[in-house]
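Report on the following structure.
Laboratory data are not the source of any read-out in this text; all were calculated from the coordinates shown. This one's a predicted model, so the numbers in the text were calculated from it and none came from an experiment. Cβ placement follows ideal geometry from the backbone for every residue including glycine, while neighbour counts extend to all protein chains displayed.
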Amino acid sequence: MDGPMTTPATLILLGPPGAGKGTQARRLSAAFGLVQLSTGDLLRAAVAQQTEAGRAAEAVMTAGGLVGDEIVTAILGERLSAPDCAAGVILDGFPRTTRQAEALDALLAARGQAVTVAISLEVQDQAMIARISGRYTCAACGEGYHDTFKPTQTPGRCDACGSDRMKRRADDKAETVRARLLAYHAETAPLTAYYERLGLLRRLDAMGAIDAIAADLSALIARALKR
Ligand code: AMP
């Protein structure tokens, strides 16, 4: 069991946009008591607040490109320093470049920590465009839905909390999704080799049903946390 002497776990979910990183990270954080850290969420909050970082990131995000490593690493590093992250974290959407992976290693090393495991959610690109273009979330509680694969039981009303405030991401349009997939293959896909070299990579077939993938992921993470 985790005692006070164990160092916080750092789990990484890798995979293209639409692979289910956010959905699964949300479930895993509840199941394992870890904090979900999504640089996409942090950046969208920065854009909404029009902070300096948010203003710098906005145009790139709208175009489906990657925000600069310095900006993203600074935002992530600041969030990682918050006391709640001592429970351990699940990173969803970070790192996305080799430079970010190296920066993360340095951030963790400075705290006497290291990456626990990096899990690659393996999916086919063609399926990702359909998955992403139909998705929406509850603005009140964050529960995720999809027009075809997981609609709300009552149209427009969240199954989890009953709110009728649903939102869609501005960058989930088909043409932007294509740009995001291109950025993924150019910049992020090489990260599997980075973590493979370190002996930290696990691959998981993520084409199936959300519940089945969640079960596989939980088993994999339970094993990784025991070591
Ligand atoms: P996500 O919610 O993870 O799909 O991220 C949405 C957008 O935020 C991406 O398309 C990028 O423009 C930006 N973004 C999020 N995380 C990163 C990151 N680690 N590095 C660079 N850009 C990022």
Next on the checklist: Just want to confirm a number: the relative contact order over the chain, from Cα pairs under 8 angstrom separated by 6+ residues, in percent.
Outcome noted: 29
Checklist entry - Taking a point 7 angstrom from the Cα of Ala193 along the C-beta vector, which residues in segment 94-109 have backbone N less than 15 Å away? => result 97-99
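Taking only DSSP H segments of four or more residues, each worth -39500 (n - 2.57), what value at 222 nm results for the chain once the sum is divided by all its residues, to the nearest 500 deg cm²/dmol? Mind dumping the intermediate values first?
Working: 9 runs with 102 residues, N = 227.
Only helices count here, giving -13500 deg cm²/dmol.
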Item to check | Inter-probe distance in nm under a simple model that places probes 7 Å from Cα toward Cβ, at Ala186 and Ala74 | outcome: 2.4
Checklist entry - Lone cysteines in the chain, going by a 4.7 Å Cβ-Cβ cut-off? => result Cys85
Item to check | Positive minus negative residues near Leu76 (Lys, Arg vs Asp, Glu; Cβ under 12 Å) | outcome: -3
Checklist outcome for this item: Projecting the Cα atoms of Ala82, Ala179, Pro151 onto the charge dipole of the chain, where Lys and Arg contribute +1 and Asp and Glu -1 at Cβ, the residue farthest towards the positive end is Pro151
Item to check | Sparse-neighbourhood loop sites, chymotrypsin sites (Phe, Trp or Tyr not before Pro) in segment 127-227 - DSSP loop, at most 16 other Cβ within 10 angstrom | outcome: Phe149
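Pull out the extension gain between Arg223 and Ser81, defined as 0.36 nm times the separation in residues minus the alpha carbon to alpha carbon distance; nm, one decimal.
Numbers: separation 142, 0.36 × 142 = 51.12 nm, distance 2.62 nm.
Length gained between Arg223 and Ser81: 48.5 nm.
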Item to check | 10 Å beta-carbon shell around Gly93, net charge (K/R +1, D/E -1) | outcome: 0
Checklist entry - Length gain on complete extension for the stretch Thr7 to Glu122, per 0.36 nm per residue less the alpha carbon to alpha carbon distance? => result 38.5 nm
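Excluding Ala212 itself, what net charge comes from residues whose Cβ is under 13 Å from its Cβ, given Lys and Arg +1 and Asp and Glu -1? Please list the in-between numbers first.
Values: positive: Arg27; negative: Asp205, Asp211, Asp216.
Taking every other residue near Ala212 into account, the sum is -2.
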Item to check | Extension gain from Gln153 to Ala212, taking 0.36 nm per residue of separation minus the Cα-Cα distance | outcome: 19.2 nm
